[in-house]
Amino acid sequence: MTSGLEDPAARAAALRAELERHEYAYYVLDAPTVPDAEYDRLFRDLQDLEAAHPEVLTPDSPTLRVGGRPSSELAAVAHALPMLSIHTETDTTDQGAVSFDARVRRALGLEVSAPPVTYAAELKFDGLAINLRYEQGVLVQAATRGDGSTGEDVTPNVRTLHRIPLRLRGAAPAVLEVRGEIYMRRDDFERLNASQAAAGQKVFVNPRNAAAGSLRQLDPAITARRPLSFFAYGLGEVQGWAMPATHSEVLDALAAFGLPVCEHRCRADGPEGLALFHQEMAVLRESLPFDIDGVVYKVDRLDLQQTLGFVSREPRWAVAHKYPAQEVATRLLGIDVQVGRTGAVTPVARLEPVFVGGVTVTNATLHNQGEIDRKDVRVGDWVIVRRAGDVIPEVVGPIAERREGELPRYDLLEAISHVCPECGSHVVRGEDEAVARCTGGLFCPAQCKQALLHFASRRAVDVDGLGDQIVNQLVNAGIVRTPADLYDPARVSQEVLAGLERMGEKSAVNLLAAIDKSRDTSLARFIFGLGIRNVGETTAKDLARHFGKLEFFLAADEAALLEVPDVGPVVAHCILDFLAEAHNREVISVLQREMRWPETEPAARPSVGALNGKKVVLTGTLPSLSRDEATALIEAAGGKVVGSVSKKTDYVVAGSDAGSKLEKAQQLGVTILDEDGLRCLLKPADAGAPDGQGMLFGE
Ligand code: IVH
């Protein structure tokens, strides 16, 4: 301690105030004010002080956040005001908003000609409800909802959540009960499950269960290790506070007290305003870092809320307007297999048809044997199926409680007798590998189709219009087997194409033109199009830049490949294995003649770029640049976009909803830029160095 002379109580108060300020900046504002080490030092000072003078310990001390002693059971708490539920509008169309507004207007006795009602619209967080009781600004109790009248005391557990202030900022009311949702972010959930699995501990089926399980712990030290988040959305008992006139202003006030309030909320007039919010949030839903299952509308004026009152423990002034569920339960009827481009044999769940994420799903991926083992999914189980946005539906896991009797474990290799169902070649699974692979290569029609689709894809040589249906027909009829065959007029002609199902003369002409156009390609696109394992777009670009010409790439040995930036032994071997296959060589040499290569490939990267040799990671959504556009700008300036953050990363460009990569960058002290910061860097040198304006964190 710095000053032994000072009054310990005053010194403790000063330390607490300082720690609180840093925590608020870090956890609520996302704008750290001190280095971690400095925070830790202050924290230890306070701990030492409280240990030496127990009388100075207060209920709002940040040292209580590390979790006190385990209790034998959670104590019951009678809520001062009941925690109500909310009426759910199950019609997920705009009609949901229209019906609610009609009920409100009728209950308020409004004429048709009366102006629209103003609502507060917010998200419906998928976590668990909590009541936080602040007396004289200090958090004194936290309780779960329970049955609405009586909940469970989880105060020591909630004290471990850094996003929940132990003391309110500013002039606090005598009593303020804050209601809100404890939830877990999706990235935190994934990380928690990975570490649970690694430690041989229970994995959770979804973030909501993980949040509930983490909060309702008898030992607060366990809660302290779980990544829980919180949003405030309302009030319970209040004493000694001049209440604002509207719910929107209540939320503003809660934010000013230092509580996290979700930014995605608005005031909306009438059913049109509500429906618009519902639609906008539906679009946003996928990119939010946490789960929502709908939106909530509340009559904004508190006096009108009073007038409207309640029916059967549900307020008349609020409604939850749902979205189609993204997770549902159904029966796993069987497991089929599919063979992909690289020969990966993927188990696919055959399901009792179920409506999820807005469509009826009958199949969902089970990823690979490793995942089946980890989740212990068995045919006959009830399983949870998830379909979020455009993502392929997946089996999240079995509902263990619903398993009836003994079901055999599933073994993919056994199920297919170690033989590819498409081509009869051997299927093997390397030791320590999660994925089983068909060894048939391009002899296997499934791999051959996927290889063609990949070669023709937009980011590869880009044959516009060559989709699933046509490739299936071309391969099944034995017309095309390799990408080289596409350019052989004896195989692919206008007559042949026009003769395919669902193809007319016109489409045949167009497709033929698209095939011809794809001859004008670049070495990078071509290498990517070959579909070599572990050679993605970025590596293909590196290879093209390094070797400049296809001949040089084909002639490279291991040593030469290892000279390419970011090519390590694994990637080098994948390339050498691929090129060692005689039939791959044949296909490449035909294509080498068929393609129209640019006069000169851009050889070594220009040496004048502002980002010469710099490694940049992109994360989150940038306000105006798409990922591709940002990548192109960075590459044009001589930089390289890489996938993960390490000490070698020079910059992280972060947009909205940036997740773990941003955190990692902060931990490692990597320079973080926003879009403006990036643009600043890209300006030619004479336009001045970055002035820090676009920077979130300095170097
Ligand atoms: S207001 C009187 N607002 O949904 C209205 N609830 O039954 C009380 N929830 O489990 C609830 N997001 O935890 C409200 N923005 C939000 C909410 C929300 C999620 C949960 C709440 C409760 C259920 C309502």
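The values are calculated or read from the model by the stated rules, or taken from the named source; none is laboratory data. For clarity, every value in this text was computed on a predicted model and none was experimentally measured. Neighbour counts run over all protein chains shown; Cβ positions are idealised from the backbone, glycine included. Heavy atoms of the whole protein, side chains included, go into the accessibility calculation; ligands, DNA and RNA do not. Shrake-Rupley method; radii C 1.70, N 1.55, O 1.52, S 1.80 Å.
Would you say S417 is surrounded by fewer than 16 Cβ atoms within 10 Å (Cβ to Cβ) and either more than 23 Å from A349 (Cα to Cα) or of a type outside the set (D, E, K, R) (or both)?
Working: surrounded by fewer than 16 Cβ atoms within 10 Å (Cβ to Cβ): yes; either more than 23 Å from A349 (Cα to Cα) or of a type outside the set (D, E, K, R) (or both): yes.
Criteria met by S417.
Of all residues in segment 98-114 being without any contact (Cβ under 8 Å) to a residue 40 or more places away in the chain and not hydrophobic (A, V, I, L, M, F, W, C), which is farthest from H87 (Cα to Cα)?
Among residues in segment 98-114 that are without any contact (Cβ under 8 Å) to a residue 40 or more places away in the chain and not hydrophobic (A, V, I, L, M, F, W, C), the one farthest from H87 (Cα to Cα) is S113.
All but one of (1) more than 37 Å from the chain's Cα centre (by Cα); (2) assigned to a loop (DSSP other than H, G, I, E, B) hold for A51, so report the exception by its number.
Condition (2) is where A51 drops out.
Quick one: T90 ticks every box in (1) touching a helix residue (DSSP H, G or I) at 6+ places or on another chain (Cβ under 8 Å); (2) exposed (fewer than 15 other Cβ atoms within 10 Å of the Cβ); (3) farther than 29 Å from S149 by Cβ; (4) not aromatic (F, W, Y) bar one, so which box is it?
(3)
List the helices (runs of 4 or more DSSP H) that sit entirely inside segment 203-303 and contain at least 2 residues that are under 24 Å from R169 (Cβ atoms) and in contact with a strand residue (DSSP E or B) (Cβ under 8 Å, 6 or more places away or on another chain). Step through it out loud before you land on a result.
Values: elements: 207-215, 220-225, 247-256, 270-284.
Of the helices (runs of 4 or more DSSP H) lying wholly inside segment 203-303, those with at least 2 residues that are under 24 Å from R169 (Cβ atoms) and in contact with a strand residue (DSSP E or B) (Cβ under 8 Å, 6 or more places away or on another chain) span 247-256.
Kindly list, by first and then second residue, each pair from a residue in segment 20-44 that is open to solvent by 70 Å² or more (accessible area, probe 1.4 Å) to a residue that is among the basic types (K, R) and modelled with pLDDT of 80 or more, limited to pairs with Cβ atoms under 8 Å and residues at least 6 apart or on different chains.
Hits for this filter: T33/R21.
Take the residues of segment 300-356 that are open to solvent by 20 Å² or more (accessible area, probe 1.4 Å) and touching a His at 6+ places or on another chain (Cβ under 6 Å): which is farthest from the ligand (Cβ to nearest atom)?
So, considering only residues that are open to solvent by 20 Å² or more (accessible area, probe 1.4 Å) and touching a His at 6+ places or on another chain (Cβ under 6 Å), the one farthest from the ligand (Cβ to nearest atom) is R341.
Considering (1) surrounded by fewer than 20 Cβ atoms within 10 Å (Cβ to Cβ); (2) of a type outside the set (G, A, S); (3) under 30 Å from L64 (Cβ atoms), say which one L139 fails and leave the rest.
(1)
Considering only segment 115-130, state which residues are touching a residue at least 60 places away in the same chain (Cβ under 8 Å) and within 10 Å of the ligand (Cβ to nearest atom).
Answer for segment 115-130, where residues must be touching a residue at least 60 places away in the same chain (Cβ under 8 Å) and within 10 Å of the ligand (Cβ to nearest atom): A120, A121, E122, L123, K124, F125, D126, G127, L128, I130.
Report the residue count in segment 527-563 for those that are assigned to a loop (DSSP other than H, G, I, E, B) and crowded, with 20+ Cβ neighbours inside 10 Å. Steps first, please.
Let us first name the residues in segment 527-563 that are assigned to a loop (DSSP other than H, G, I, E, B), namely 530-536, 548-549, 556-557, 563.
Still in the list and also crowded, with 20+ Cβ neighbours inside 10 Å: 530-532, 556.
Summing the residues that are assigned to a loop (DSSP other than H, G, I, E, B) and crowded, with 20+ Cβ neighbours inside 10 Å in segment 527-563 gives 4.
Consider D147 carefully, then state whether it is within 16 Å of the ligand (Cβ to nearest atom) and either closer than 17 Å to R65 by Cα or open to solvent by 60 Å² or more (accessible area, probe 1.4 Å) (or both). Reasoning before the result, please.
Numbers: within 16 Å of the ligand (Cβ to nearest atom): yes; either closer than 17 Å to R65 by Cα or open to solvent by 60 Å² or more (accessible area, probe 1.4 Å) (or both): yes.
Taking the combined requirement at face value, the residue satisfies it.
From the list R65, R103, exactly one residue is of a type in the set (D, E, K, R) and away from the ligand (no atom under 16 Å from the Cβ). Which is it?
Working: R103 fails: away from the ligand (no atom under 16 Å from the Cβ).
Only one candidate passes the filter, namely R65.
Just a yes or no: is a residue in segment 496-512 closer than 30 Å to V564 by Cα and either at pLDDT 95 or above or buried (at least 18 other Cβ atoms within 10 Å of the Cβ) (or both)? If you could, list the steps in order and put the result at the bottom.
The first filter runs over segment 496-512 and keeps only residues closer than 30 Å to V564 by Cα, leaving none.
Scanning segment 496-512 turns up no residue that is closer than 30 Å to V564 by Cα and either at pLDDT 95 or above or buried (at least 18 other Cβ atoms within 10 Å of the Cβ) (or both).
Looking at segment 357-375, which of the residues that are part of a strand (DSSP E or B) and under 22 Å from E433 (Cα atoms) is most open to solvent (accessible area, probe 1.4 Å)?
Of segment 357-375, the ones part of a strand (DSSP E or B) are 359-365.
Keeping just the survivors that are under 22 Å from E433 (Cα atoms) gives 364-365.
Numbers: A364: 3, T365: 25 Å².
Taking the candidates together, the pick is T365.
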